[in-house]
Amino acid sequence: MKTEFTPKLFTLLKEGITKKQLSNDILSGIIVGIVALPLAIAFAIASGVSPEKGLITAVIAGITISLLSGSRVQIGGPTGAFIIIIYGIVQEHGIGGLTIATFMAGFIIIGFGLARMGNYLKFIPYPLIVGFTSGIAVIIFSSQIKDFFGLNMGEVPVDFIDKWETYTSNFLKVNWQAFSIAIATVIISLKFSKISPKIPGSIVAIVISTVVVYYFNLPVDTIESRFGEIPNSISLPEIPNINFAIIQQLIQPAIAIALLGSIESLLSAVVADGMTGGRHRSNMELIAQGTANIFSGLFGGIPATGAIARTATNIKNGGRTPIAGIIHAIVLLLIMLLFAPVAKLIPLSCLAGILVVVAWHMGEWHHFFSLLKSNRLDVIVLLTTFFLTVFFDLILAIEIGMILSSFIFMKRMSEETTFENTAHLLKYNEIYKEKLFEEEIPGIPKGILMYEINGPLFFGASQKFQEVITDLNFKTEVLVLRMRNVPFIDASGMNRLKEICLQFKENKTQIIISGANRKVKKELLKADAYSLIGKHNITDNIKIAIERARYLLKENNKS
């Protein structure tokens with residue numbers, strides 16, 4: 001495909017961008033830039049590096065990703081997902097090792113894109129994604145306890161259990177002023193949108209807490225007290241000194257950065273597609289992310305990827321082209337150049353409060369607990385990935401999760417593959433009066449569209465299923481999904497089905513499911529799809545489904 005390796009910005013510039021959209025993108029970029037400021041600083045500090053490295057990454061990687069992205073709306077920069085990887089690399093290899101690993105990871109991600117691996121990385125099973133994402137959220141929360149409570153203690157251990165043992169032994173040293181600031185930050189960050197949806201609560205919390213700490217000279221740690229001045233300039237790019245021995249030493253951390261960066265960026269792009277109805281170019285997106293990490297390494301930054309929360313903020317504020325992402329990076333650059341002397345006064349307990357809110361949103365706990373009610377095998381993948389992420393290593397968790405998912409898939413497929421006598425099949429069809437599709441349904445009323453799904457709706461087929469259904473470029477009042485030949489549906493397939501139902505519901509299109517077997521109906525019930533689709537819209541056979549569709553059409557015409 002000719003456009004596969006063409007950045008979305010180039011395509012949009014060729015087609016033309018309206019003045020109204022341009023103004024929307026500029027406004028959205030300014031808002032996202034303000035939202036990204038505290039996050040860039042907080043992610044850097046939580047990762048064990050100085051705060052300006054987060055800002056450098058947000059500026060350099062942010063503008064590179066927007067220029068080359070395969071998505072219209074992707075916002076790139078440092079993210080919470082990288083905290084545990086970066087912290088571990090810095091502890092073992094130092095800042096210099098992190099810079100080289102980031103630089104190397106960029107080339108690996110570009111290699112993924114050129115090898116067209118973007119077509120496959122997005123098929124990672126949903127329980128696995130929720131498992132490691134929730135695990136990362138727990139680790140981010142754990143890493144912020146020291147600053148959240150203002151504990152007067154030494155370095156925080158890397159190991160999860162050691163970390164909490166150290167916290168427990170130091171919990172009598174709580175700084176109540178720091179704790180109050182952290183609690184206030186959490187409340188403001190979560191609730192301020194009710195007062196003003198346009199102004200980020202995190203920025204309000206930072207301004208208030210910084211003014212209070214400075215004016216009353218409160219005894220709490222600030223960026224300045226721990227890290228000194230924040231540089232208000234970006235140094236010239238410098239090619240890292242790399243040789244074969246260094247590559248051998250850092251290849252594993254580089255691969256870890258590349259894998260997580262690729263998964264996170266494509267996940268963000270898929271979420272953005274669901275919100276905008278667009279479709280990103282997976283392989284071009286990987287090339288953009290790889291290039292961004294190379295440049296981030298050259299300027300002394302940290303790993304970067306697509307940021308789901310900032311991308312969603314961009315979409316909600318009207319951003320629809322990469323210009324919004326470019327403006328967001330420029331805004332951060334201006335803030336860094338002009339307001340660095342003020343930013344150094346931000347209390348660390350405020351940043352800890354912001355990261356606790358990030359961890360809460362990142363965990364998506366409603367999805368986590370919903371999956372615990374699903375198929376037992378999906379629960380095994382979810383919990384295995386979650387606990388391995390928290391107690392051992394993120395990349396190990398992803399590797400084991402993928403292996404488990406593969407074995408579970410093979411088990412399911414082997415159970416569902418049967419060999420039956422054709423005479424028996426004919427007899428079965430006579431009993432249930434099954435006929436050829438054309439004979440069975442001689443005509444479908446206008447306003448009704450029908451799709452038949454044949455085969456299991458599992459994680460490998462769910463993406464294609466969503467693409468086929470969302471490719472419908474015409475409106476229909478009722479969509480009938482015929483599922484008589486779907487032997488099972490896993491958590492990924494269920495998640496895609498629910499996304500499609502919500503998307504069509506917004507467009508006032510009703511969905512009817514026909515002929516689902518007992519096993520599929522059980523999964524629909526567990527996933528609360530009955531309340532989403534409507535109990536009467538889940539029918540036993542195609543005859544009832546068409547009758548139900550005709551009834552809905554009549555009701556629509558009355559209204």
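Of the residues Val342, Val480, Pro240, the one whose Cα sits farthest toward the positive end of the charge dipole of the chain, with +1 on the Cβ of Lys and Arg and -1 on the Cβ of Asp and Glu, is Val480.
Since only Phe386, Leu449, Thr3 are under comparison, the one whose Cα sits farthest along the positive direction of the charge dipole of the chain, derived from C-beta charges on Lys, Arg, Asp and Glu, is Leu449.
Annotation: peptides 49-58, 272-281, ranked by per-residue average of other Cβ atoms within 10 Å with the highest first, follow the order 49-58, 272-281.
In a simple Cβ point-charge model (Lys, Arg +1; Asp, Glu -1; nothing else charged), the chain has a dipole of about 1900 debye relative to its Cα centre.
The dipole here belongs to the stretch 245-328: it is taken about the Cα centre, uses +1 on the Cβ of Lys and Arg and -1 on the Cβ of Asp and Glu, and is about 220 debye. Using a cutoff of 8 angstrom between alpha carbon atoms and counting only pairs six or more residues apart, the relative contact order for the stretch 189-298 works out to 18 percent. Per residue, the average separation of C-alpha pairs within less than 8 Å and at least 6 apart gives the stretch 187-233 a relative contact order of 22 percent. Sites counted here are chymotrypsin sites (Phe, Trp or Tyr not before Pro) in a DSSP loop (not H, G, I, E or B) having no more than 10 other Cβ atoms within 10 Å; the longest part of the chain that contains none of them is 1-418.
For the stretch 476-559, what is the charge dipole size about the Cα centre, in debye to the nearest 20, if Lys and Arg each add +1 at the Cβ and Asp and Glu each add -1 at the Cβ?
Dipole of the stretch 476-559, to the nearest 20 debye: 260 debye.
Within 10 Å of each candidate Cβ there may be at most 15 other Cβ atoms; applying that plus a DSSP loop requirement, which trypsin sites (Lys or Arg not before Pro) in the stretch 478-559 survive? Loop-located and lightly packed - Lys508. Pairs over the 18 Å Cα-Cα cut-off, from the set Lys498/Lys526; Lys373/Lys521; Lys198/Lys498; Lys505/Lys535; Lys373/Lys519: Lys198/Lys498. Two tests apply to each whole DSSP H helix in the chain, Cα reach of 30 Å or more along its axis and mean Kyte-Doolittle hydropathy of at least 1.6, and the ones passing both are 83-114. Maximal additional length on extending the Asp159-Tyr530 stretch stands at 129.3 nm, based on 0.36 nm per residue less the C-alpha distance.
Think of the chain as having a plus end and a minus end, set by charges on the Cβ of Lys, Arg, Asp and Glu; of Ala491, Ala44, Phe299, Ala491 sits farthest toward the positive end of this dipole. The distance between label points at Ile30 and Lys522 comes to 5.7 nm (points 7 Å beyond Cα on the Cα→Cβ vector).
Read the figures in this text as sums done on the coordinates, not as results from a lab. What you see is a predicted model, and the numbers here were worked out from it, not measured in a lab. For neighbour counting, all protein chains shown are included, and Cβ atoms are generated from backbone atoms with ideal geometry for every residue, glycine included.
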